[in-house]
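Report on one structure; see the data block that follows.
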Amino acid sequence: MKEILLKTEHITMQFGGVVAVDDLNIEIEKDRITALIGPNGAGKTTAFNVITGGYQPSNGRVTFDDLVIGENYPRSKMKKIYNGTYKTPFEKQVVNTPDKITRLGMARTFQNIRLFKDLTVFENVLIAKHCHIKAGLFRSTFMLNREEEAKMLEDTEALLERVGLLANRDEKSSSLPYGKQRRLEIARALATGPKLLLLDEPAAGMNPKETEELSLFIKEIKESFNLTVFLIEHHMNLVMDISDTIYVLDYGKTIAQGTPAEVQNDPAVIRAYLGVDEA
Amino acid sequence: MLKIKRNHLYSIIVLTLLMVFLYWLNANRLQNGMLVSVLQKGVILALVAVSMNLLNGFTGLFSLGQAGFMSIGAYTTAILLIPVQNLDGVYYMNGVHPAIRAFKMMVASSPEFIQIIFPFIALLLGGLLAAFAAAIVGIAVLRLKSDYLAIATLGLSEIVRAIFSSPQFDQVTNGSYGLNKIPNFPPMLWGAIPSLITPFIVVSICIVFIVFLIKSSYGRAFKAIREDEIAAEAMGINLFKHKSMSFIISSFFSAIAGGLLAMYMRSIEAKTFSITLTYDILLIVVIGGIGSVTGSVLSAFLVTAAKEWWLRFFDQPLLIGSWQVPLFRTGFRMVIFSILLMIVVLIYRRGIMGTNEFSWDRILKRLKFKRSKEGGKK
């Protein structure tokens with residue numbers, strides 16, 4: 001019996017008249033690596049943003065760990081212009097801000113690296129530990145939570161060691177080489193203690209060697225942190241290498257899903273990626 | 001470990017020297033009137049600058065509402081502290097609201113202990129009132145970003161000023177006449193700390209609190225918001241909650257400083273807290289370094305001293321022999337001051353301290369570096 005960690009039901013995201021994501025149904029199995037691929041502008045990042053709470057879907061429902069974290073139906077103006085394929089509106093409205101969703105156990109990285117640039121590597125990871133702080137502002141200011149604070153420092157140190165960034169701990173994060181910045185962003189996401197890790201094009205801008213290192217790194221942290229991984233990627237090598245399940249998106253629609261082998265040979269996917277011969 | 005002990009020792013020595021100096025200043029305050037007033041004003045502005053820096057430099061919220069929150073503190077403190085026998089003299093035009101008179105009678109007849117600490121209660125009340133105002137206003141204002149937030153808070157500060165000077169509140173704030181006969185700083189600890197030193201102690205306590213806050217986990221979260229809001233939110237930091245915290249705390253301490261300013265100036269009017277005051281403080285923050293508490297404190301003293309004291313002689317006519325130097329007249333000092341500012345900003349692009357903080361290690365390193373350089377020359 002497979003266990004589903006994240007499920008999206010009929011997610012439709014419409015901006016004005018443009019349907020960026022249309023009727024997206026994804027099931028992410030626990031302890032697996034699932035990938036979402038598709039050509040540029042297919043709506044992959046939009047789907048990510050809907051899942052992590054950045055956008056409210058126009059219609060659809062997102063369930064994480066048996067808890068509905070986002071649900072919406074076309075309202076007011078959207079009701080008139082709604083143009084999704086899935087017409088039946090959902091009934092409830094559930095809104096969660098990205099920080100709440102992170103605290104529930106879903107952490108993400110960004111396509112264009114978003115580190116805290118002026119802060120050190122150590123601080124970057126340490127800040128991510130703040131989300132589970134128990135002490136209030138005053139207890140924390142007057143250092144009455146020494147144990148908690150010490151544990152935060154200790155955990156950060158251990159995490160940096162595990163991802164191999166301990167040697168860079170006091171460097172400014174923006175001064176790291178590109179590959180390490182990616183690694184740091186993943187480490188920062190891990191520091192929030194997620195069950196599900198969402199990676200938005202982790203290999204963007206990497207050379208083949210760095211990509212290979214990354215794919216090893218993702219497999220490694222998946223094992224050692226008991227993670228479920230959901231990633232968006234362009235690098236076919238990486239995706240085919242590490243994914244268990246792949247969803248292919250084109251113009252907001254899911255055109256294929258299955259194992260890497262299945263997807264690779266799907267005519268619809270080949271058409272989307274290579275174009276059709278018009279003649 | 002040894003290093004930490006050594007640094008503590010240095011800090012204790014310097015603090016002791018500072019206290020000795022303040023007590024000396026207290027004993028010789030009549031000869032050093034200018035120094036006393038510059039230091040007191042400097043220390044009060046330092047607190048506002050640090051609290052503004054908490055918001056602008058550490059949380060990345062570009063707010064220009066400091067003067068408004070200062071005026072809340074100043075008016076609260078002033079209204080609560082004007083002695084009951086002076087009420088009729090102060091409110092000679094419109095009379096005082098009976099509730100205020102009744103409250104003052106109550107305080108005047110309360111036990112001595114309460115009367116001694118009452119000035120501090122007044123400061124605290126001013127701060128809490130400003131914090132409360134910030135909490136309410138923040139709900140609306142903190143959803144705005146960068147420049148829009150600046151404009152909204154600027155407008156807010158003007159609204160507060162307009163309310164304080166409006167004729168409807170004549171019996172409370174004395175409208176456009178302002179308030180005077182505000183008592184000077186109270187002594188602390190039954191006179192062990194004379195009134196001259198009180199502002200230094202109060203401000204130190206406040207700044208230490210802010211420094212501790214910045215160093216805590218919450219302070220790190222503030223910095224994360226400054227660096228990248230979207231990433232901070234993705235790391236589980238509730239943006240609104242943390243921005244509110246920063247806004248409320250900053251307003252609280254601004255109001256405390258406003259209360260101290262009222263005690264320092266002895267008389268206030270709504271005009272004192274116009275937008276120029278906010279700009280003066282913004283200037284201090286920028287000169288000191290956005291994101292550096294040390295910088296704000298240093299530059300508060302430097303700017304105040306330069307403006308009020310060191311450049312004074314430019315305002316007086318100067319005679320060399322029988323030749324009168326042109327341009328030396330009232331107001332010329334501000335021209336020189338502005339030129340100096342430009343030079344400072346050109347040399348220190350990121351303020352005197354940048355985002356660095358004071359540390360013994362840094363100073364000692366620099367001293368050693370200089371010494372080894374001189375040694376090299378020989």
message: Averaged over its residues, how many other protein chain Cβ atoms are within 10 Å of peptide A:190-198's Cβ atoms?
response: 1
query: Once whole DSSP H runs in chain B are found, which of them have Cα atoms spread over 30 Å or more along the helix axis and a mean Kyte-Doolittle score of at least -1.0?
result: B:2-27, B:112-141, B:239-265
statement: Sorting B:83, A:34, B:21 by the position of each Cα along the dipole of the protein assembly as shown (Lys, Arg +1; Asp, Glu -1; all at Cβ), the one nearest the positive end of that ordering is B:21
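Using the alpha carbons of chain B, what is the convex hull volume per residue in cubic angstrom, as a whole number?
Values: hull volume 79.1 nm³, N = 378.
In chain B, the Cα hull volume divided by residue count equals 209 Å³.
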task: Take each of the peptides A:172-180, B:4-12, A:48-56, average the number of other beta-carbon atoms within 10 Å over its residues, and list them starting from the highest.
output: A:48-56, A:172-180, B:4-12
query: Label points 7 Å out from Cα along the Cβ direction at residue B:101 and residue B:323: separation in nm?
result: 6.6
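Take the cross-link list A:129/A:172; A:129/A:195; A:7/A:80 and give me the ones stretching past 24 Å between alpha-carbons.
On the way: A:129/A:172 18 Å; A:129/A:195 15 Å; A:7/A:80 27 Å.
From A:129/A:172; A:129/A:195; A:7/A:80, over 24 Å: A:7/A:80.
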query: Once phi is turned into θ = phi - 60°, what whole-Hz ³J(HN,Hα) does the Karplus curve with 6.51, -1.76 and 1.60 give for every residue of the range B:322-329, x standing for Gly and Pro?
result: 10, 8, 8, 5, x, 6, 6, 8
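Using r as the Cβ-Cβ distance of residue A:234 and residue B:357, and R0 as 45 Å, what FRET efficiency do you calculate, to the nearest 0.05?
Details: r = 43 Å, r/R0 = 0.95.
Rounded to the nearest 0.05, the efficiency is 0.55.
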field: Highest-first arrangement of B:61-73, B:283-295, where packing means the average Cβ count within 10 Å
entry: B:61-73, B:283-295
message: To the nearest 20 Debye, how big is the dipole of the range A:1-101 about its Cα centre, given +1 on the beta carbon of each Lys and Arg and -1 on that of each Asp and Glu?
response: 460
query: Using alpha-carbon pairs under 8 Å, 6+ residues apart, how would you state the relative contact order of the range A:187-255 in percent?
result: 36
message: Among B:241, B:365, B:271, which one shows the highest mean-square fluctuation when chain B is modelled as a Gaussian network with alpha-carbon springs under 10 Å?
response: B:365
query: Quick one: net charge of residue B:212's neighbours, Cβ under 15 Å, K/R +1, D/E -1?
result: +3
field: Exercise: per-residue mean of other protein chain Cβ atoms within 10 Å, A:141-148
entry: 3
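Relative contact order of chain B, please, whole-number percent, based on alpha carbon pairs below 8 angstrom and at least 6 residues apart.
Numbers: 528 pairs, mean separation 107.9, N = 378.
About 29 percent, as a whole number.
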query: With each label point set 7 Å from Cα along the Cα-Cβ vector, what nm distance links residue B:176 and residue B:159?
result: 2.3
Binned Cα-Cα distances of chain A, short to long, each 5 Å bin given as a whole percent: 1, 6, 12, 15, 17, 16, 13, 9, 6, 3, 1, 0, 0, 0, 0
message: Name the residue from A:251, B:156, A:63 whose Cα lies farthest towards the positive end of the charge dipole of the protein assembly as shown, charges +1 on Cβ of Lys and Arg and -1 on Cβ of Asp and Glu.
response: B:156
message: Could you compute the net charge surrounding residue A:89? Neighbours are other residues with a C-beta less than 10 Å from the C-beta of residue A:89; K and R count +1, D and E count -1.
response: +2
field: Per residue accessible area of chain B, 1.4 Å probe, in Å²
entry: 50
query: When the Karplus curve 6.51 cos²θ - 1.76 cosθ + 1.60 is applied with θ = phi - 60°, which whole-Hz ³J(HN,Hα) does each residue of the range A:234-250 get, with x for Gly and Pro?
result: 9, 5, 4, 4, 4, 4, 5, 6, 9, 7, 9, 10, 10, 10, 10, 10, 9
- prompt: Which residue, chosen from B:176, B:141, B:206, occupies the Cα position most advanced towards the positive end of the dipole of chain B, where the dipole is computed from +1 (Lys, Arg) and -1 (Asp, Glu) charges on Cβ about the Cα centre?
  reply: B:206
- prompt: Per 10 Å bin, what percent of the C-alpha pairs of the protein assembly as shown does each bin hold, from zero upward?
  reply: 3, 13, 20, 20, 16, 13, 9, 5, 1, 0, 0
query: Per the helix-only calculation at 222 nm, which mean residue ellipticity applies to the protein assembly as shown, given -39500 (n - 2.57) for every DSSP H run of n ≥ 4 and division by its residues, nearest 500 deg cm²/dmol?
result: -17500 deg cm²/dmol
field: Gained length - residue B:29 relative to residue B:147, 0.36 nm times residue gap less alpha-carbon distance
entry: 38.0 nm
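Across peptide A:127-137, what mean number of C-beta atoms from other chains lies inside 10 Å of a residue's C-beta? Present the calculation step by step, with values, prior to reporting the outcome.
On the way: counts 13, 8, 4, 12, 8, 1, 5, 0, 3, 2, 10.
The mean count of partner-chain Cβ atoms within 10 Å per residue comes to 6.
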- request: Using a Förster distance of 30 angstrom, determine the FRET efficiency expected from the C-beta separation of residue A:30 and residue A:139, and round it to 0.05.
  value: 0.25
Relative contact order (%) - the range A:108-193, alpha-carbon pairs under 8 angstrom, separation at least six: 54
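Residue A:75 to residue A:268: FRET efficiency via 1/(1 + (r/R0)^6), r the Cβ-Cβ distance, R0 35 Å, to the nearest 0.05?
Numbers: r = 33 Å, r/R0 = 0.95.
With R0 = 35 Å, the Cβ-Cβ based efficiency is 0.60.
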- prompt: Sorted by average packing, counted as other Cβ atoms within 10 angstrom per residue and highest first, what order do B:331-340, B:105-114, B:180-189, B:216-225 take?
  reply: B:216-225, B:180-189, B:331-340, B:105-114
message: Of the candidates B:138, B:321, B:42, which one comes out as most mobile in a Gaussian network treatment of chain B with C-alpha springs shorter than 10 Å?
response: B:321
query: Along the range A:91-98, what does the Karplus equation 6.51 cos²θ - 1.76 cosθ + 1.60 (θ = phi - 60°) give for ³J(HN,Hα), rounded to whole Hz, x for Gly and Pro?
result: 9, 9, 10, 10, 10, 10, 6, x
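The values are calculated or read from the model by the stated rules, or taken from the named source; none is laboratory data. Just so it is clear, the model here is predicted, and its values are computed rather than measured. Note: ideal-geometry Cβ built from the backbone for every residue, glycine included; neighbour counts use all protein chains shown. Surface accessibility is based on the protein's heavy atoms, side chains included, excluding ligands, DNA and RNA. Shrake-Rupley method; radii C 1.70, N 1.55, O 1.52, S 1.80 Å.
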